[in-house]
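Notes follow once the structure below has been shown.
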Amino acid sequence: MQALILASGRGTRMGELTSDTPKPLLQVAGKSLIEHKLEALPSAVDEVVVVVGYQGDAIKECFRDESHGRRIVYVQQEILDGTAKGVWAAKDVLHDRFLVLMGDDLYCREDMECCILTPDWSMVVAPVGAMGAGGRVEVDQRGVITGIEEGDHEGRPGLVGTNLFVLDTRFFDMPPVPKAPGSEEYGLPQTAVMISTAEAIPFHAIETRFWHQVTSPEDLIEAEKRLSVVK
């Protein structure tokens with residue numbers, strides 16, 4: 001099975017930390033963000049596809065063509081226009097079912113294994129007690145994802161996506177869709193929901209055991225704390 005890691009963005013909210021370093025190579029607990037993912041990949045994964053963009057050569061130099069006994073293949077996302085387009089950049093090298101992870105967020109092996117063992121498509125979600133603006137994942141009584149509600153959720157509880165998926169090549173049956181109306185960024189969860197609905201592909205929501213989103217320098221500090229507790 002393949003794992004697709006989207007590692008093309010700069011991470012502008014990280015400020016000067018990403019002036020000379022791509023965000024996936026920022027360090028947490030003595031390892032880069034992307035190395036944490038490579039170490040956590042389940043044994044079912046035998047090949048890793050990394051989508052690079054901003055300072056992609058630094059990532060290639062760091063890991064070259066192998067990590068933890070797995071072959072690494074690189075593809076370039078020329079225009080940084082969203083996560084759905086990042087997956088599309090790897091269309092020619094992906095086959096069958098594949099795991100999708102962000103190059104910056106931290107995940108655990110158990111969540112990945114659960115996605116792989118779940119039939120059809122899946123996305124790991126996290127419950128939030130009081131949501132703000134963003135995408136709220138909608139699920140039915142069977143735990144199947146039915147939509148992504150964008151907007152300000154005014155402190156209501158809900159589910160947010162972690163951008164950890166298992167998909168398959170049916171993802172390429174339809175073109176990507178914008179993250180929100182009028183947006184120039186094409187969203188991976190929004191595209192996956194559209195295709196799963198159109199083609200009647202069950203798209204399962206799996207509640208996370210561990211996920212840490214990294215969007216700011218403060219998130220790196222918090223990640224150090226959380227990882228020390230997990231270990």
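The values are calculated or read from the model by the stated rules, or taken from the named source; none is laboratory data. Owing to the predicted nature of the structure, the values given are computational and were not obtained by experimental measurement. When we count neighbours, we look across all protein chains shown, and the Cβ atoms used for this are built from the backbone with ideal geometry, even at glycine. Note: areas computed on protein heavy atoms with side chains; ligands, DNA, RNA excluded. Shrake-Rupley method; radii C 1.70, N 1.55, O 1.52, S 1.80 Å.
Descriptive notes on the structure:
- Under the shape rule built on the C-alpha gyration tensor, where the axes satisfy a ≥ b ≥ c, the stretch 169-220 is oblate, since a/c reaches at least 1.5 while a/b does not exceed b/c.
- Per-pair calculated FRET efficiency, R0 = 41 Å: residue 118 and residue 27 via Cβ, rounded to 0.05: 0.80
- Between residue 93 and residue 221, the modelled label-to-label distance comes to 3.7 nm, taking each label 7 Å out from Cα in the direction of the beta carbon.
- Under 5 Å, built H, 5+ apart or other chain: amide partners of residue 98: 167, 168
- Between the stretch 1-61 and the stretch 170-184, the Cα center-to-center distance that results, in Å: 24 Å
- Taking the stretch 92-231 and dividing mean pair separation by its residue count, relative contact order in percent (alpha carbons under 8 Å, at least six apart): 32 percent
- Solvent-accessible area assigned to carbon and sulfur over the stretch 1-81 amounts to 45 percent, based on a 1.4 Å probe.
- Cα gyration tensor category, rounded, prolate or oblate, for the chain with a/c compared to 1.5: rounded
- Computed over all pairs of different Cα atoms, the Kirkwood value for the hydrodynamic radius of the stretch 1-72 is 12.6 Å.
- Here the Karplus curve 6.51 cos²θ - 1.76 cosθ + 1.60, taken at θ = phi - 60°, turns the phi angles of the stretch 23-30 into couplings of 3, x, 9, 5, 9, 9, 6, x Hz, with x standing for Gly and Pro.
- Per-residue ³J(HN,Hα) for the stretch 134-141, Karplus 6.51 cos²θ - 1.76 cosθ + 1.60, θ = phi - 60°, Hz, x for Gly and Pro: x, x, 9, 7, 9, 10, 8, 5
- Surface exposure of the chain, expressed per residue as accessible area with a 1.4 Å probe, stands at 47 Å².
- Distance between modelled label sites at residue 12 and residue 57, nm, 7 Å Cα→Cβ extension: 2.4 nm
- Amide H to amide H distances under 5 Å link residue 121 with 204, where only residues 5 or more positions off or on other chains count and H is placed in the peptide plane.
- Cα gyration tensor, the stretch 60-149 - rounded (a/c under 1.5), prolate or oblate: prolate
- The region of the chain that goes longest without hitting one of the GluC sites (Glu not before Pro) in a DSSP loop, each with at most 15 other Cβ atoms within 10 Å, is 1-77.
- The amide H of residue 150, built 1.01 Å from its N in the peptide plane, has 136 as neighbours under 5 Å, considering only residues 5 or more places off or on other chains.
- Each residue, residue 152 and residue 168, gets one label point 7 Å from its Cα in the Cβ direction; the gap between the two is 4.2 nm.
- The HN-Hα couplings worked out from phi for the stretch 43-55 by the Karplus form 6.51 cos²θ - 1.76 cosθ + 1.60 (θ = phi - 60°) are 5, 5, 7, 10, 8, 10, 10, 10, 8, 10, x, 4, 6 Hz, whole numbers, x standing for Gly and Pro.
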